[in-house]
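For reference, the structure is listed below as structure tokens.
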Amino acid sequence: MGRARLIGGMSVRFHFAAAIDTALRQAAASAGFEAALFAPDVRVAAAQHGDYQANGVLAFAKQTKQNPRAAAQALVAALPVELAALAEVAIAGPGFLNFTLRPAALEAWLAAHASSASLAAAAAAGSPISGQTWVVDYSSPNTAKQMHVGHLRSAVIGEAVARIAAFGGARVIRDNHIGDWGTSFGKIIWAYKQALATDRAALEAALAATPLEEFERLYKVGNTAADADPAVLEASRAELVKLQSGDPENTAIWRRIGEVSVAAFQKIYDLLGIRFDHTLGESFYNDKVARVYEELLGCGVAEESQGALVVFHDENPRYSRHAERPNPFIIRKADGAANYASTDLATILYRAEHFKADASLYVVDKRQGDHFEQLFLTAQKWFEKSGRPLMRLEHLGFGTVLGEDGRPLKTRSGENIKLKDLLQEAVERARRLVDEKSGELPEAERAAIAEVVGVGSVQYADLSQNRSSDYTFSWDKMISLEGNTAAYLLYAVARVRSIFRKLGLQPGDAASEAGASPLETGPELALARKLVQFADAQSAAVATLRPHVLCLYLYELAGAFSAFYTADKVAVENPAVRARRVRLCARTLLVLETGLQLLGLRTLDRM
RNA sequence: GUGUCCGUAGCUCAGUUGGAUAGAGCAGCCGCCUUCUAAGCGGCUGGUCGUGGGUUCGAAUCCCGCCGGACACGCCA
């Protein structure tokens, strides 16, 4: 916490809240407060109260039956002198402590954190997850199916969480746990062979042109036929058995399905800035589930019930064998086949043994909450009985994407909206706006801007809302490009870049900031205050794994910049005033671009 | 039946390990471009925080009841 960096003999904090926390704990110790009863409770304050407030004195005074104002006075009197250089301290109301950062402290921060490397190093240094290995499990589509709008959130939120964790100093492993195994492949293979026998040329042509769409079509053909005709169902099962026993022809077909699916997914991932380290799907764990059954039976966690292998959690009324409607965790089906639970357990073991993971995060629809609760309970007992340390397991659930009618988002004909089509429409809508607003730019640049704005708007619309709530998808809200939207942030970035272009300066160039005079105007100070709060937003994002806290911060930062931009001109004659404003602009650009990158968005020079 | 989540301004949402006068955006109204990008800025209007109790210095936040809504619950993922 509060690792200091020495600049010209002065210690410059990255995270002022952490520095205040440390100072308050020191003061509490020297004032004789019992450490166990006093937690500073430092938080970002509403602007009228300063930069930070500490509310911990109230709780402390309540517990120890003291007068809170007297306790606050004792604490303030004991504060280390270094803090007085950092912030002005005031006692307010019943015993709140308000801290207003001194302009010199703001300026020192701006001078010290001039590069993305500096920000990243400072963030990692103060981070509780620094050095840990985190597996982030996200996207996870099924092969032989196109990704639809339901797959958007996992991909976008997962990528942002991965980037936020990495910036917080974790070694992040991105794992795409694709659904590439299961009964549906028997049906696809059956339909594939039918098509092959009927018209080989047409099949190959379709597979060459739009391979994933063709396999998706074949699955529907097989599924429909199997529903209608028991003989087809039987034939599909036979194909599945052949696949599972390693038949070369069926294995080759299955491999091809996987390859074309992953290739199609990657096109979407490229737009969204996603690149996985591993794509270890369900099939990967196929030969690893037997060990799970053996171990769980061996340590008495699992038992047989109605022919299936199950785990009850009797301490939890809902998963207890005594529940009115028992809901055991089925880890092997009665027919002996593996299911979602089997492979998820094998996956946890693999991540523990192979990756030595300290955490495994599942960015999955919140409706699967029961599954993960049972999975984690099971893993906990299993690892405890087998003497293994258990990693942090967390289900980062997200809500459903709803249409403006409040129902899950569908096309007019009631089908799922393809993610590819959604992104394409976003780019088209953005293009119309770019043509309207910036028609003077060259055609190729307008197309590039439209892609960044369109795709970024979709990502940002998703990320800016608390991930666990359902969210209402609205083209108008998203593409109107006003308010808390990607376009507003990208526009702020483009305006800063434009200033540097006009001045012929490179952002962050020390010479351009030399001789800066002290911050003076209200908008300058407000912008500087918002800039140093990057540390708060970043640490809150790591602590909560909720990207929307970062979005909200970036939006406020862009707002502070826009107000500054309107009020205070950078390109002024006075070199000292110009230098301090150039520095503010450079840091605004740095923080906005760093933040947008953490969210997985690209930025623009012009728009 | 059991359980999870939700209900905040006309709309979409922040804010919930209890803190100060509940905040934004959109929509509506009024202003601001001969000056670094107006996809911008400033201002105004708008809320019994579903409802009734309780806990306490203090409740949108915690507890209980009720109303309304979403979702999940043996061999799908």
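Using DSSP to call loops (not H, G, I, E or B), can you name the trypsin sites (Lys or Arg not before Pro) in segment A:506-598 whose Cβ has at most 13 other Cβ atoms within 10 angstrom?
Values: sites: A:529, A:530, A:569, A:578, A:580, A:581, A:583, A:587; in loops: A:569.
Listed in order of number, the matching sites are A:569.
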Rounded Å value of the spacing that divides the Cα centres of segment A:251-286 and segment A:88-135: 41 Å
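How big is the dipole moment of chain A about its Cα centre under a simple scheme where the beta carbon of each Lys and Arg is +1, that of each Asp and Glu is -1, and everything else is neutral? Debye, nearest 20, please. Kindly include the intermediate steps, with their values, before the conclusion.
On the way: 67 positive and 69 negative charges, 274 e Å.
The calculation lands at about 1320 debye.
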Accessible area per residue, Å², segment A:1-146 with all protein chains present, probe 1.4 Å: 44 Å²
Set of aspartates and glutamates with alpha-carbon distance to residue A:62 below 16 Å, sequence-local pairs under 8 removed: A:34, A:41
Modelled FRET efficiency - R0 60 Å, residue A:116 with residue A:224, Cβ distances, 0.05 increments: 0.70
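Full-extension gain between residue A:37 and residue A:502, please, as 0.36 nm times their residue separation minus the C-alpha to C-alpha distance.
Numbers: separation 465, 0.36 × 465 = 167.40 nm, distance 5.62 nm.
This chain segment gains 161.8 nm when fully extended.
Rounded, prolate or oblate: which one fits segment A:218-314, using the alpha carbon gyration tensor with axes a ≥ b ≥ c (rounded when a/c is under 1.5, else prolate when a/b beats b/c, else oblate)?
Values: a/c = 2.10, a/b = 1.22, b/c = 1.72.
Verdict is oblate for segment A:218-314.
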Entries of A:410/A:477; A:437/A:477; A:193/A:267; A:477/A:569; A:530/A:569 with Cα pairs more than 22 Å apart: A:193/A:267; A:477/A:569
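Are there GluC sites (Glu not before Pro) in segment A:372-451 that DSSP marks as loop and that have at most 15 other Cβ atoms within 10 Å, and which are they?
Of the GluC sites (Glu not before Pro), the ones in loops of segment A:372-451 whose Cβ has at most 15 other Cβ atoms within 10 Å are A:404, A:415, A:440.
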Partners for residue A:420 among aspartates and glutamates (Cα-Cα distance below 14 Å; same-chain residues under 8 apart left out): A:213, A:270, A:428, A:451
Anisotropy class of chain A from Cα gyration tensor, a/c 1.5 cut: oblate
Residues of segment A:512-545 with amide N under 19 Å of a point placed 7 Å along Cα→Cβ from residue A:566: A:521-531
Efficiency of FRET between residue A:102 and residue A:474 - r from beta-carbon atoms, R0 45 angstrom, step 0.05: 0.55
Straight-distance crosslink candidates among lysines, where the alpha carbon sits under 22 Å from residue A:187 and sequence neighbours closer than 8 are dropped: A:145, A:220, A:242, A:333
At R0 = 35 Å, FRET efficiency that the Cβ-Cβ distance of residue A:200 and residue A:447 yields, to 0.05: 0.35
Dipole-positive endmost among A:209, A:286, A:570 within chain A (Cβ charges, Cα centre): A:570
Long-range amide H partners of residue A:332 with built H, under 5 Å: A:309
Two-site label geometry, residue A:407 and residue A:267: point separation in nm, points 7 Å out along Cα→Cβ: 3.0 nm
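What does the charge count near residue A:468 come to, summing +1 for each Lys or Arg and -1 for each Asp or Glu among other residues with Cβ under 12 Å from its Cβ?
Details: positive: A:153, A:366, A:367, A:467, A:546; negative: A:365, A:470.
Once positives and negatives cancel, what remains is +3.
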0 to 90° range, to nearest 10: angle between helix A:248-272 axis and chain A longest Cα axis: 20 degrees
Residue list for segment A:310-335, given a label point 7 angstrom along the Cα-to-Cβ vector of residue A:297 and an amide N cut-off under 11 Å: A:310
Nearest 10 degrees, 0 to 90: helix A:230-244 Cα axis against chain A principal axis: 60 degrees
Accessible surface of chain A, 1.4 Å probe, proportion on carbon and sulfur as whole %: 52 percent
Between helix A:443-463 and chain A: long-axis angle, C-alpha atoms, 0 to 90°, nearest 10: 90 degrees
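The values are calculated or read from the model by the stated rules, or taken from the named source; none is laboratory data. What you are looking at is a predicted structure, and each value in this text was computed from that prediction instead of being measured. So basically every Cβ, Gly included, is an ideal-geometry build from the backbone, and we count neighbours across all protein chains shown. With ligands, DNA and RNA removed, areas are computed over all heavy atoms of the protein, side chains included. Shrake-Rupley method; radii C 1.70, N 1.55, O 1.52, S 1.80 Å.
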